[in-house]
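The values are calculated or read from the model by the stated rules, or taken from the named source; none is laboratory data. Since the model is a prediction, treat every value here as computed from it, not as a measurement. Glycine also receives a Cβ, built like all others from the backbone with ideal geometry; neighbour counts cover every protein chain displayed. SASA here: full protein model, heavy atoms, side chains in, ligands and nucleic acids out. Shrake-Rupley method; radii C 1.70, N 1.55, O 1.52, S 1.80 Å.
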Amino acid sequence: MDAAPLKDNSLHVSTRVLLIATCLLAAAHLGLLVRAPHGLGWSLLILVMTFWCLKCARGVLLGESVQALMLMSALMALLHIIMVLGLPGAVAHHATSSASHHAAQAIPMLAVGLSELVLTFFAAVILNRSRMRCSNLLEAR
């Protein structure tokens, strides 16, 4: 019975780390937006998705499931990869400019996309641990 509070505490700490990482990644998005100006459409998309991600993080802070945050991070990772590589038949996000400009923009975008994947994985681990904890509590009854 002493192990249950430890699990609660480790899950709580993991969730706090996830929330801090989410806020840092949101700040990185805003920093990239300032550092590498985008057109109005891309800027609005980045802002909407960044604030939506923060909305999901706020929900986790208030005790909601991390599932929405996990899905948002996965979507943002996918969008970053698509923006760098482009879609079949379409150009990449920064491909219309010079090759050196595209490479200079691609590296930070891939780094942010990779960070989004790490955040997605971390959220999935927390979601799995919380579900395992719930099933263990049900079995204990």
Point to revise | Looking only at the stretch 94-128, and only at residues there that are open to solvent by 80 Å² or more (accessible area, probe 1.4 Å) and more than 22 Å from Met76 (Cα to Cα), the one that is modelled with the lowest pLDDT | key: Ala99
Check your understanding: Got a number for residues in the stretch 38-73 being assigned to a helix (DSSP H, G or I), open to solvent by 40 Å² or more (accessible area, probe 1.4 Å), closer than 23 Å to Met132 by Cβ and small (Gly, Ala, Ser)?
Key -> 1
Practice item. Write out, first by first residue and then by second, each pair whose Cβ atoms fall under 6 Å of each other, whose residues are 6+ apart or on separate chains, and whose first residue, in the stretch 65-84, is within 11 Å of Thr22 (Cβ to Cβ) while the second is open to solvent by 30 Å² or more (accessible area, probe 1.4 Å) and part of a helix (DSSP H, G or I). Key: Met70/Ala124
Review point. Which of (1) over 23 Å from Asn128 (Cβ atoms); (2) exposed (fewer than 13 other Cβ atoms within 10 Å of the Cβ) is the odd one out, the single condition His29 does not satisfy?
Key: (2)
Practice item. Go through Ala21, Ala26 for me and flag whichever is without any contact (Cβ under 8 Å) to a residue 60 or more places away in the chain, of a type in the set (A, V, I, L, M) and part of a helix (DSSP H, G or I). Key: Ala26
